[in-house]
Structure formats: structure tokens, C-alpha cells
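Read through the structure below, which is laid out as C-alpha cells, and then see the notes.
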Amino acid sequence: MITGKVKIQGTDIYISTGLLKKDLSVIHVFDFKEAQPTIRVFENEKLKREYFLETLTENPDLSNQFFHCSIRILKNSAVMIDGIISKDSNDCPDWTEDSYEAIRLQPFFLSDNEAENKKLKGAGLFQRGLHFSGSVTPSGVRAVCICDSCQKSFTLQHFHAGFSEAMYFYSTDSKKTLIVPIEQIQNMPSQLQEKVDQKTLNRIEKLLAKSTSGYGDFKYYNSFKCPHCGSPFIDFEKHEDIRPTEYYGNRLINQEFEQFENK
């Protein structure tokens, strides 16, 4: 498929650069030939991003399935790609259906705006364009992220902590995510709470340590780290100010959330 500045071959997307006078949108249906495909994005024949599509336990083989996809290139050189998995080349489920399975690839900027990519190191998922204020991301949408350090991809699933009236805490290595209902611990911080008292956090985190074992410490400001190299991806330790606004709790694909037990 060739559409102006975008050419698609198999699961490879080729973008030709040049000044855009308006946003460009391409709709395409990928026909997957592999159980776990990789979508590669090239800029002027140079590989820019490589997204490995890890699969859900309940749908482990994507071969002979279709990815109904939107590829958007904005005037500021941002590239945004997302879509819905379907077993039908002509139709796909919507977010209200039980079979809804969508994938959002982490947006990035092309070379003429590379400085914006560097600004996003350690940023939250809202800043990275994986969630949007005022719009709820359905739980059936998973995000394929690219590590700022090793450039390898990994996949996140999420829940809306505000709607769940809960707080989440990442383990030291962020391979486990603990969910704590707000009413179970006195003075638990809430989503969007601007000022969080450190003494209160220390008390809460001691309670968490008593109720869990085997995953390291669960702390409010633990970063979410790349599962490949361990570098901070959502770097709450460096950017404490974004922690209250990151109201989606994340887990690595197919991992279960840990539930707090008030012993």
C-alpha cells in the first residue's frame, strides 16, 4: 500500500519526510502472518521504532488475524499508531464488545523534531500520548512502549484507579503492581491529590510491607521500569510532580494485579 508520504509493506511502515501543511491520516488493515508480529517504522528507509506485539494469554496467536489500524502523522512530526485486532478483514469489534482487543503504539517524533523525544525521557503516559485527559482509555487497549534507554518494546495493560477508588503501588522492580482500595487505609492519597504528606506515605508503606511478600517494597514513588534493562520508564522518583496525575495503574501484559490484604 502506498499513500503519499506513507508506504506499507507487510508489517513495515515507511514514512517519507518533508514539510506537512496539514495532519496526515492513513487507514490500513494489517494481515498478520506471525503469532507475535513486529511492526517496524522507518523514516526515509532508516529504522526508527520497532514494536513487538506481545499477545494476550487468551489470544496467543495473531497469525491470520487483522489489525485495523490508523496511522497519523501530525504537522509537528509526531507519529501516532493504534488499532483494533479482529479475525475479520472487513470489520472489527468496538470497545463495548467483550472481544474488544486494541493496541496503541507509543507515539514518537520524526528526526526533524528529535528534541521532543528527548524531553519525554522518564515522562508519564499522558505526556507520551498513550492516554488523554478527558477521554477514558478502555481497559481493552494495551500500550506497546519503547524504553528510553535500550529501545526495546514492552507491553502494558492498565486500570483506571480513579474509577476504581483505589491507589496503586509499583514494586521495586515494577514487575508487580499492588492495588489498595482507598477506604482500607486511613489518609490514603487519592488520584489528582496535589500535596501528599511524606510522613503519611511512610506509615502507609510500612503497612504495605506487612501485607505482602516476595516482590520487594511497594512504594508510592517507585518508578515503572523497563522489564528488559531495568531503566526507569515512568520515572516518579525524578518527576514526583506527575505521580498524582498518572491515575492509570499499569502492569506488564498477562501479569495479575496484586490485591492488598489488611491483616
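The values are calculated or read from the model by the stated rules, or taken from the named source; none is laboratory data. These figures come from a predicted structure and were not determined experimentally. So basically every Cβ, Gly included, is an ideal-geometry build from the backbone, and we count neighbours across all protein chains shown. Side chains are part of the model used for accessible areas, which takes the heavy atoms of the whole protein and leaves out ligands, DNA and RNA. Shrake-Rupley method; radii C 1.70, N 1.55, O 1.52, S 1.80 Å.
Remarks
- Residue in the stretch 62-77 that is more than 23 Å from I234 (Cβ to Cβ), open to solvent by 50 Å² or more (accessible area, probe 1.4 Å) and hydrophobic (A, V, I, L, M, F, W, C) present: no
- The stretch 161-182 - residue that is over 17 Å from Q193 (Cα atoms) and in contact with a Ser or Thr (Cβ under 7 Å, 6 or more places away or on another chain) and, of those, surrounded by the most Cβ atoms within 10 Å (Cβ to Cβ): Y170
- Filtered residue count, the stretch 106-131, keeping only those that are in contact with a Ser or Thr (Cβ under 7 Å, 6 or more places away or on another chain) and either of a type in the set (A, V, I, L, M) or under 12 Å from N76 (Cβ atoms) (or both): 4
- Selected residue (only one of K87, K118 is under 20 Å from K48 (Cβ atoms) and open to solvent by 60 Å² or more (accessible area, probe 1.4 Å)): K118
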